[in-house]
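Colleague: Here you go, one structure.
The values are calculated or read from the model by the stated rules, or taken from the named source; none is laboratory data. Just so it is clear, the model here is predicted, and its values are computed rather than measured. Ideal geometry is used to build each Cβ from the backbone, glycine not excepted, and the neighbour counts take in all protein chains shown. Only protein heavy atoms, including side chains, enter the accessible area calculation; ligands, DNA and RNA are left aside. Shrake-Rupley method; radii C 1.70, N 1.55, O 1.52, S 1.80 Å.
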Amino acid sequence: MSILTFRNVSLRYPPRAGRGGAAEKLVLDGINLQVASDELVAIIGRSGSGKTSLLNLAAGFLEPTSGSITVDGVPIKGPNADRAVVFQDDALYPWLDARDNIALPFKLKGVPLAERREKAQQLLERVGLADAGDRRIWELSGGMRQRVGIARALAAEPRFLLLDEPLGALDALTRTRMQAFLLRIKAESGAGALLITHSIEEALLLGTRVVVLSPNPGRLTAEIEAGFNAEVLNGTPVATVKASPLFKRMHAGLNGLIQSTTDEELAA
Amino acid sequence: MTLSTDIEALPQPVETTTEAALPRASRPVPIAVISTITVVAIIGLWGLASAYALVSPVFLPSPRQVVIALYNLVVTGFVDSTLAEHVGASLYRIFGALIASILIGIPAGIAIGTSRVGRGILDPIVEFLRPLPPLAYLPLVIIWVGIGEASKITVIALSMLPSIILSTSAGVRGVSKDHVNAARSLGASKRQVLTEVVLPSAVPSILTGIRIALGAGWTTLVAAELVAATSGIGFMIQSAAQFLVTDIVIAGIIVIALIAILLEFIARLIERRLVPWASHR
Ligand SMILES: Nc1ncnc2c1ncn2[C@@H]1O[C@H](COP(=O)(O)OP(=O)(O)O)[C@@H](O)[C@H]1O
Ligand SMILES: [Mg+2]
């Protein structure tokens, strides 16, 4: 069991060059957050609220201006296979076929060619793409690409999966199918997950906890426990889960929370 | 003479051209056909000009004569070497220079693209070299390296270097941030990011640079052979010109053009084979 911890984390971007020397922008302020291995913490917020910045901090692509980010009490030092990222627009390597994309983390560790191809094939099977290994990236649909991206992240054997709107670019049907898939994969892997989304529905369906990030500066303003992911994992159809009165009530509640933060902002 | 009628007719062409353009737009003449007609017409005019002796055959031999010259070049040769030997000498120089400039240019391009120090050191050198006509430094290279093959290969390589260096650094700098970040979060070291992500993603740009370099090198090669050589296609033309053997001069020019086109064609073929993904992202 591992725990990823944000303690009083804030982030300022330096003023952008050539923009009339505007002051530094405070993007995240006093973020306290924990993600444990058995959790999937979903963060929702409007675009521009700092979701990607928060994930990039967790990944180690950015350093916090103040505060600390630790894994099991040890401060993180830059990116690491500990915390594998799945990107919104897949970030797969077009010069590699699907199998070699997935095999890359093994290659980085020095696993010999035959062995890493075999391991990649096992992962392909796990994400339901057993026959797609030889395909080039541009021959895959959006949903298949995200499966490859997820398989590649799993190949790094991470303690945490960092998912930045991984389903954001998919059509509604594929998205629904991928939501159940994501939950199953996450549960099997035993890794903790931080999922960023701007869909309240998705956050409620997938998250063990849902956290609201409100903008300017980005602060965590609400946190609720959600239990729907267990139902989805038990095989209840996503449509049935979404139709339950409790789901609808929580959806409306979260919607209100997000709207109110935006209204305040508009009034100010 | 037709100026006045043209001016009177000015308002009408607007209508006639639109009318005429409509059926053409639905069934356009392929550009290849137009180009073929152009080439045939030029050769035809050339044939007519020499057949009616509009120009002295010393200055403009007939197409027939040039074809015969070409045949003789292949079979018996000119100034001690057959055409194949002249072309061989030229190709040896250009590919020797290409290998040298790739070996130097790609690491230099990586240094410029990845390190501030590398950029600081190499940028002024490249910017100095790039606009220089290669023949401007050929005499100096001959003084330093001597008159042999080495000086020609050096000059050709120098003329190829800037486009290889610049295309490599542009490719290296153009790598997607997500691609780099993905590798880092999958456990790549700095070195692995370079070998597994930055370099592969720069390959299309590097290949384009090599193709441009080949064109520049070919130009330099012929020019260098005109000035200082005892074999090669440029030398062959220069010798023929001194004896006013115009048919061989023209045959040589045609061979130079054909080889240039062939090199470009092969380079494009290699690009398509090696980086099929370049056209997909
Ligand atoms: N590299 C950067 N430099 C300066 N400002 C940035 C940078 N990246 C993001 N921002 C700003 O930080 C805010 C949050 O951005 P981001 O984290 O991408 O939000 P989200 O992912 O929720 O849309 C935005 O106002 C954005 O303009
Ligand atoms: Mg974002």
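Colleague: Need at least 2 residues that are over 30 Å from residue A:150 (Cα atoms) and not hydroxyl-bearing (Ser, Thr, Tyr) per element, so show me which helices (runs of 4 or more DSSP H) inside the stretch B:149-266 make the cut, counting only ones lying wholly within it.
Modeller: Filter on the stretch B:149-266 gives B:149-173, B:199-227, B:233-242.
Colleague: Are any residues in the stretch A:223-261 within 24 Å of residue A:32 (Cα to Cα) and part of a loop (DSSP other than H, G, I, E, B), and if so, which ones?
Modeller: A:226, A:227
Colleague: Filter the stretch A:183-198 for residues that are open to solvent by 10 Å² or more (accessible area, probe 1.4 Å) and either β-branched (Val, Ile, Thr) or over 10 Å from residue A:42 (Cα atoms) (or both) and give the result.
Modeller: Passing the criteria: A:184, A:186, A:187, A:188, A:189, A:190.
Colleague: Mind listing just one residue for me: the one in the stretch A:216-236 that is away from ligand 1 (no atom under 13 Å from the Cβ) and of a type in the set (Gly, Ala, Ser) and, of those, surrounded by the fewest Cβ atoms within 10 Å (Cβ to Cβ)?
Modeller: Among residues in the stretch A:216-236 that are away from ligand 1 (no atom under 13 Å from the Cβ) and of a type in the set (Gly, Ala, Ser), the one surrounded by the fewest Cβ atoms within 10 Å (Cβ to Cβ) is A:235.
Colleague: Right, another one. For residue A:143, state whether it is in contact (Cβ under 8 Å) with a residue 40 or more places away in the chain and under 28 Å from residue A:49 (Cβ atoms).
Modeller: Spelling it out, it is not the case that residue A:143 is in contact (Cβ under 8 Å) with a residue 40 or more places away in the chain and under 28 Å from residue A:49 (Cβ atoms).
Colleague: To continue, here is another question. What are the residue pairs meeting all of these: first residue in the stretch A:179-190, first residue of a type in the set (Ser, Thr, Tyr), second residue assigned to a helix (DSSP H, G or I) and open to solvent by less than 50 Å² (accessible area, probe 1.4 Å), Cβ atoms under 8 Å, and 6 or more apart or on different chains?
Modeller: From the stretch A:179-190, the pairs are A:189/A:154.
Colleague: So, residue A:195, is that one within 16 Å of ligand 2 (Cβ to nearest atom), at pLDDT 90 or above and within 14 Å of another protein chain (Cβ to nearest Cβ) or not?
Modeller: Here the answer is no, as residue A:195 does not meet what is asked.
Colleague: Take the stretch A:132-170 and flag every residue that is more than 30 Å from residue B:275 (Cβ to Cβ) and either more than 16 Å from ligand 2 (Cβ to nearest atom) or not aliphatic (A, V, I, L, M) (or both).
Modeller: Across the stretch A:132-170, the qualifying residues are A:157, A:158, A:159, A:160, A:161.
Colleague: Condition check: among the charged types (D, E, K, R), at the interface with chain B (Cβ under 9 Å from one of its Cβ atoms) and open to solvent by 10 Å² or more (accessible area, probe 1.4 Å). Does residue A:100 satisfy that?
Modeller: Against the criterion (among the charged types (D, E, K, R), at the interface with chain B (Cβ under 9 Å from one of its Cβ atoms) and open to solvent by 10 Å² or more (accessible area, probe 1.4 Å)), residue A:100 does not qualify.
Colleague: Which of (1) among the hydroxyl-bearing types (Ser, Thr, Tyr); (2) in contact with a strand residue (DSSP E or B) (Cβ under 9 Å, 6 or more places away or on another chain); (3) in a loop (DSSP other than H, G, I, E, B) does residue A:68 not meet, given it meets every other one?
Modeller: That leaves (3) as the condition not met.
Colleague: Also: Test residue A:135 against the criterion of being surrounded by fewer than 19 Cβ atoms within 10 Å (Cβ to Cβ) and either within 18 Å of residue A:93 (Cα to Cα) or within 14 Å of another protein chain (Cβ to nearest Cβ) (or both), and give yes or no.
Modeller: It is true that residue A:135 is surrounded by fewer than 19 Cβ atoms within 10 Å (Cβ to Cβ) and either within 18 Å of residue A:93 (Cα to Cα) or within 14 Å of another protein chain (Cβ to nearest Cβ) (or both).
Colleague: Also, I was wondering about something else. Tell me yes or no: at least one residue of the stretch A:172-184 is out of contact with any Asp or Glu (no Cβ under 7 Å at 6 or more places or on another chain), part of a loop (DSSP other than H, G, I, E, B) and either away from chain B (no Cβ under 14 Å) or more than 16 Å from ligand 2 (Cβ to nearest atom) (or both).
Modeller: no
Colleague: Within the stretch A:43-58, can you find the residues that are more than 6 Å from ligand 1 (Cβ to nearest atom), touching a residue at least 24 places away in the same chain (Cβ under 8 Å) and over 9 Å from residue A:198 (Cβ atoms)?
Modeller: Matches in the stretch A:43-58: A:43, A:54, A:55, A:57, A:58.
Colleague: Next question, about the same structure. Which condition breaks for residue A:169 when tested against (1) open to solvent by less than 20 Å² (accessible area, probe 1.4 Å); (2) within 14 Å of chain B (Cβ to nearest Cβ); (3) aliphatic (A, V, I, L, M); (4) more than 26 Å from residue A:32 (Cα to Cα)?
Modeller: For residue A:169, the exception is condition (1).
Colleague: Could you list all residues from the stretch A:33-68 that are more than 14 Å from chain B (Cβ to nearest Cβ), open to solvent by 10 Å² or more (accessible area, probe 1.4 Å) and among the polar types (S, T, N, Q)?
Modeller: A:34, A:37, A:47, A:65, A:66, A:68
Colleague: Still on this structure: Is it true that residue A:213 is within 14 Å of chain B (Cβ to nearest Cβ), within 16 Å of ligand 2 (Cβ to nearest atom) and open to solvent by less than 10 Å² (accessible area, probe 1.4 Å)?
Modeller: The answer is no for residue A:213.
Colleague: Okay, moving on. Are there any pairs, at least 6 apart or on different chains, whose C-beta atoms fall under 8 Å, with the first in the stretch B:185-214 and more than 10 Å from every other protein chain (Cβ to nearest Cβ) and closer than 14 Å to residue B:272 by Cα and the second open to solvent by less than 40 Å² (accessible area, probe 1.4 Å) and assigned to a loop (DSSP other than H, G, I, E, B), and if so, which?
Modeller: Short answer, once both residue conditions are applied: B:207/B:275.
Colleague: Does the stretch B:267-277 hold any residues that are more than 8 Å from chain A (Cβ to nearest Cβ) and open to solvent by less than 90 Å² (accessible area, probe 1.4 Å), and which are they?
Modeller: If the condition is that a residue be more than 8 Å from chain A (Cβ to nearest Cβ) and open to solvent by less than 90 Å² (accessible area, probe 1.4 Å), then B:267, B:269, B:270, B:271 are the ones that fit.
Colleague: How many of the residues making up the stretch B:95-112 are more than 18 Å from the chain's Cα centre (by Cα) and open to solvent by 20 Å² or more (accessible area, probe 1.4 Å)?
Modeller: 6
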